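Colleague: My questions all concern the structure below.
All of the numbers you see were taken from the coordinates with simple rules; none came from a lab. A quick note: this is a predicted structure, and the numbers were derived from the prediction, not measured. All Cβ positions, even for glycine, are placed from backbone atoms using ideal geometry, and neighbour counts span all protein chains on display.
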Amino acid sequence: MYAHVEQSLLTLLQILAGWTHDTGLAIVLFTLGVRLLLTPLSVRIAKNTLAQLAASRVLEGMKATWKGSPAEWLKVQRKVLDDHGVKPLSSTLLVFAQSPVFIVLYRLFRYLNHPVTSVLVPWVPALTLGDPLHLVPLAAAVLMALASLVTYGSITVQPPQSLGAAVTGAITLVILWSAPVAVALYYVTSGLWSAVERWLFGRILIRKPALD
């Protein structure tokens, strides 16, 4: 199965490389195409995040005067989350949706039998190799963490969000440290897209009166 998918991806990248005359730029275009296709899922995740924020504000107001038992409070929490349409695992959907792309791209460039280069990373002998200076993995880790820190509109960054961004950046760095630089280019582009996308969603989806 993977062989057919890898061959299809290789053919697509070759077509894009024919247009751009550079495999690295072809990977960037490929990434933009993937993220564009995933935009409806990103919108769904953003709306879920905003719903979760609204639910948390309701719960904060209720907790101040709550007199019931902890078990009853858990039931109330679940009801409020359900009433706001919050899906607890929604934020992980984008990661899972991109994981097959990561696997196929990793396998393709790890076992590609001919070297390809890019003007984007002139210090790397071939995109099938890891970055000897680790600059691209570091850039990918920083951008993925930054994307996690971009908030929707006037919402402030909370400590759990900062911790999550640090964990995201660390995991990205570990995964990409010795991976083919082609895969790291994918995540650099995807991280930048995510940061810009979240910034735009913060100005499109949020209705300020609802957050005051």
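Colleague: Grab the chain and count how many Lys pairs have their alpha-carbon atoms under 15 Å apart, sequence gap of 8 or more, or different chains.
Modeller: Lysine pairs satisfying the spacing and distance rule in the chain number 6.
Colleague: Can you give me the angle between helix 70-83 and the longest principal axis of the chain, using Cα atoms only, in degrees from 0 to 90, rounded to the nearest 10?
Modeller: Compared with the principal axis, the helix lies near 60 degrees.
Colleague: Give, rounded to the nearest 20 debye, the magnitude of the charge dipole that the chain has about its Cα centre when Lys and Arg contribute +1 at Cβ and Asp and Glu contribute -1 at Cβ.
Modeller: 740 debye
Colleague: Which cross-chain or sequence-distant (5 or more) residues have an amide H under 5 Å from the amide H of VAL116, H modelled 1.01 Å from N in plane?
Modeller: LEU127, THR128
Colleague: Once phi is turned into θ = phi - 60°, what whole-Hz ³J(HN,Hα) does the Karplus curve with 6.51, -1.76 and 1.60 give for every residue of segment 138-147, x standing for Gly and Pro?
Modeller: Computed from phi, the couplings for segment 138-147 are 5, 5, 5, 5, 5, 5, 5, 5, 4, 4 Hz.
Colleague: I would also like to ask the following. Hey, what do the phi angles of segment 63-68 turn into as Karplus ³J(HN,Hα) couplings, whole Hz, using 6.51/-1.76/1.60 and θ = phi - 60°, x for Gly and Pro?
Modeller: Rounded to whole hertz, the list is 5, 4, 10, 6, 10, x.
Colleague: Note down the net charge around ILE45, summing +1 for each Lys or Arg and -1 for each Asp or Glu among other residues with Cβ under 11 Å from its Cβ.
Modeller: Every neighbour counted, the sum reads +3.
Colleague: Which whole-Hz ³J(HN,Hα) couplings does segment 108-122 yield from phi under the Karplus relation 6.51 cos²θ - 1.76 cosθ + 1.60, θ = phi - 60°, glycine and proline marked x?
Modeller: Once rounded to whole Hz, the list reads 4, 7, 5, 10, 5, 8, 9, x, 10, 10, 8, 5, 6, 10, x.
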